[in-house]
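Just so you know, all these numbers are worked out from the coordinates, no wet-lab data involved. These numbers were taken from a predicted model, which means no experiment stands behind them. Methodologically, a virtual Cβ is constructed for each residue, glycine included, from the backbone with ideal geometry; neighbour enumeration extends over all protein chains shown.
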Amino acid sequence: MAASIIHRVTGAGLSIVGLAVLTWWLLALSGGTESYDAFTKTAGSLIGKIVLIGLTWAFFQHLFSGIRHLVMDTGAAFELGINKTFAILTFVGSVLLTAALWWYLLGVAK
Amino acid sequence: MSIGQSATPLGKVRGLGSAREGGEHWLTERVTSIALLLLGTWFIASLLILPSHDIRTVLEWLHAPSGAVPMALLIVIGFKHALDGMKVVVDDYVHDEGNRFACNLVLLFLAVGGGALALFALARIAFGANA
């Protein structure tokens, strides 16, 4: 249940916010130094970072629950125990990957 | 022949479901999802591998075919997958037929328009002289 609705919510978030940020980033890049600086300044602000971290998590979560849906499309993993473990693993995986990625990106370890 | 009298199981379910159609849509959604699994991973890995995120480095990356081509695919397939997915959400939650048609029309225009905008920006980068 939870994994399924989260799949939709993260999908909608990636569709609207994710693609908007991607398009803005490309436009900013194509516009030259000034527009790119404006983008990186917004992206580097606190709110910008929160949005980007949220998008990273949404991407990984949608990716993992998407794989779960693909597996279930084949008729597999419908048993309650396996199904629940798989659902929990999608959350564990997405949170861990997001944390690792931003740990590296923000240079927390350095 | 009305629903329920069809000879085959497939004939019995055709036209049902909130979208009234959609075998192809369902399959496309899955095929694009697998493509995006690869392209999305490529995109994130590339951003991480880039030595710096200053404009020169990023432009150089997207100027080369090895950057521009997967990026173009990511844009086209990403917007297509987003459109297909959002259509499922609209079809499931917007029950009035007129509103549903309007929502899907807005979605289609947004996806095509947004995709075109992103592709145009990428083309400027890929074919531009400034990298």
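Going by the structure shown, is A:Gly32 within 8 Å of chain B (Cβ to nearest Cβ), small (Gly, Ala, Ser) and over 21 Å from B:Gly114 (Cβ atoms)?
Values: within 8 Å of chain B (Cβ to nearest Cβ): yes; small (Gly, Ala, Ser): yes; over 21 Å from B:Gly114 (Cβ atoms): yes.
So A:Gly32 fits the description; yes.
Taking the criterion of being among the hydrophobic types (A, V, I, L, M, F, W, C), closer than 17 Å to B:Arg124 by Cβ, in contact (Cβ under 8 Å) with a residue 60 or more places away in the chain and surrounded by 13 or more Cβ atoms within 10 Å (Cβ to Cβ), would at least one residue in region B:81-95 satisfy it? So far as region B:81-95 goes, no, none of its residues is among the hydrophobic types (A, V, I, L, M, F, W, C), closer than 17 Å to B:Arg124 by Cβ, in contact (Cβ under 8 Å) with a residue 60 or more places away in the chain and surrounded by 13 or more Cβ atoms within 10 Å (Cβ to Cβ). State yes or no: is B:Ser46 of a type in the set (Gly, Ala, Ser), free of Cβ contacts under 8 Å to residues at least 12 places away in the same chain and either under 17 Å from B:His25 (Cα atoms) or away from every other protein chain (no Cβ under 11 Å) (or both)? Spelling it out, it is not the case that B:Ser46 is of a type in the set (Gly, Ala, Ser), free of Cβ contacts under 8 Å to residues at least 12 places away in the same chain and either under 17 Å from B:His25 (Cα atoms) or away from every other protein chain (no Cβ under 11 Å) (or both). Scanning region B:102-131 for residues that are at the interface with chain A (Cβ under 9 Å from one of its Cβ atoms) and either touching a Lys or Arg at 6+ places or on another chain (Cβ under 6 Å) or not in a helix (DSSP H, G or I) (or both) yields a count of 2.
For every residue, the table says whether it meets (1) within 23 Å of A:Leu29 (Cα to Cα); (2) within 11 Å of chain A (Cβ to nearest Cβ); (3) under 12 Å from the mean Cα position of the chain (by Cα).
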| site | (1), (2), (3) |
| --- | --- |
| B:Gly15 | no, no, no |
| B:Val31 | no, yes, yes |
| B:Leu59 | yes, yes, no |
| B:Ala64 | yes, no, no |
| B:Val69 | yes, no, no |
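Counting only residues that are within 12 Å of chain B (Cβ to nearest Cβ) and assigned to a helix (DSSP H, G or I), region A:62-85 holds 12 of them.
Conditions first: (1) crowded, with 16+ Cβ neighbours inside 10 Å; (2) among the charged types (D, E, K, R); (3) more than 24 Å from A:Ala12 (Cα to Cα). A:Glu79 passes all but one, so which condition is the exception? Result: A:Glu79 passes all but (1). Looking for something more than 19 Å from the chain's Cα centre (by Cα) and of a type in the set (Phe, Trp, Tyr) - is there at least one such residue anywhere in region B:77-87? The answer is no; no qualifying residue exists.
Considering only region B:55-67, I want to know if a residue exists there that is among the β-branched types (Val, Ile, Thr), out of contact with any strand residue (DSSP E or B) (no Cβ under 9 Å at 6 or more places or on another chain) and buried (at least 16 other Cβ atoms within 10 Å of the Cβ). Within region B:55-67, one or more residues are among the β-branched types (Val, Ile, Thr), out of contact with any strand residue (DSSP E or B) (no Cβ under 9 Å at 6 or more places or on another chain) and buried (at least 16 other Cβ atoms within 10 Å of the Cβ).
Looking for whichever is touching a residue at least 40 places away in the same chain (Cβ under 8 Å) and not aromatic (Phe, Trp, Tyr) here; the options are B:Val58, B:Val106, B:Val76. Which one fits? Break it down into steps so the answer makes sense when it comes.
Values: B:Val58 fails: touching a residue at least 40 places away in the same chain (Cβ under 8 Å); B:Val106 fails: touching a residue at least 40 places away in the same chain (Cβ under 8 Å).
It is B:Val76.
Without any contact (Cβ under 8 Å) to a residue 24 or more places away in the chain, surrounded by 12 or more Cβ atoms within 10 Å (Cβ to Cβ), in contact with a helix residue (DSSP H, G or I) (Cβ under 8 Å, 6 or more places away or on another chain) and in a helix (DSSP H, G or I) - does that describe any residue in region A:87-99? Checked against the condition, which is being without any contact (Cβ under 8 Å) to a residue 24 or more places away in the chain, surrounded by 12 or more Cβ atoms within 10 Å (Cβ to Cβ), in contact with a helix residue (DSSP H, G or I) (Cβ under 8 Å, 6 or more places away or on another chain) and in a helix (DSSP H, G or I), region A:87-99 yields no hits at all.
Look through A:Ile5, A:Ile50, A:Ile88 and report the one residue that is farther than 28 Å from B:Leu73 by Cβ, under 16 Å from the mean Cα position of the chain (by Cα) and away from every other protein chain (no Cβ under 12 Å). Even if it seems obvious, please write down each step before you answer.
Working: A:Ile5 fails: away from every other protein chain (no Cβ under 12 Å); A:Ile88 fails: under 16 Å from the mean Cα position of the chain (by Cα).
A:Ile50 is the lone residue from the list that is farther than 28 Å from B:Leu73 by Cβ, under 16 Å from the mean Cα position of the chain (by Cα) and away from every other protein chain (no Cβ under 12 Å).
Whether any residue in region B:84-94 is part of a loop (DSSP other than H, G, I, E, B), of a type outside the set (Ser, Thr, Tyr), touching a His at 6+ places or on another chain (Cβ under 8 Å) and within 12 Å of chain A (Cβ to nearest Cβ) is what I want to check. So far as region B:84-94 goes, no, none of its residues is part of a loop (DSSP other than H, G, I, E, B), of a type outside the set (Ser, Thr, Tyr), touching a His at 6+ places or on another chain (Cβ under 8 Å) and within 12 Å of chain A (Cβ to nearest Cβ).
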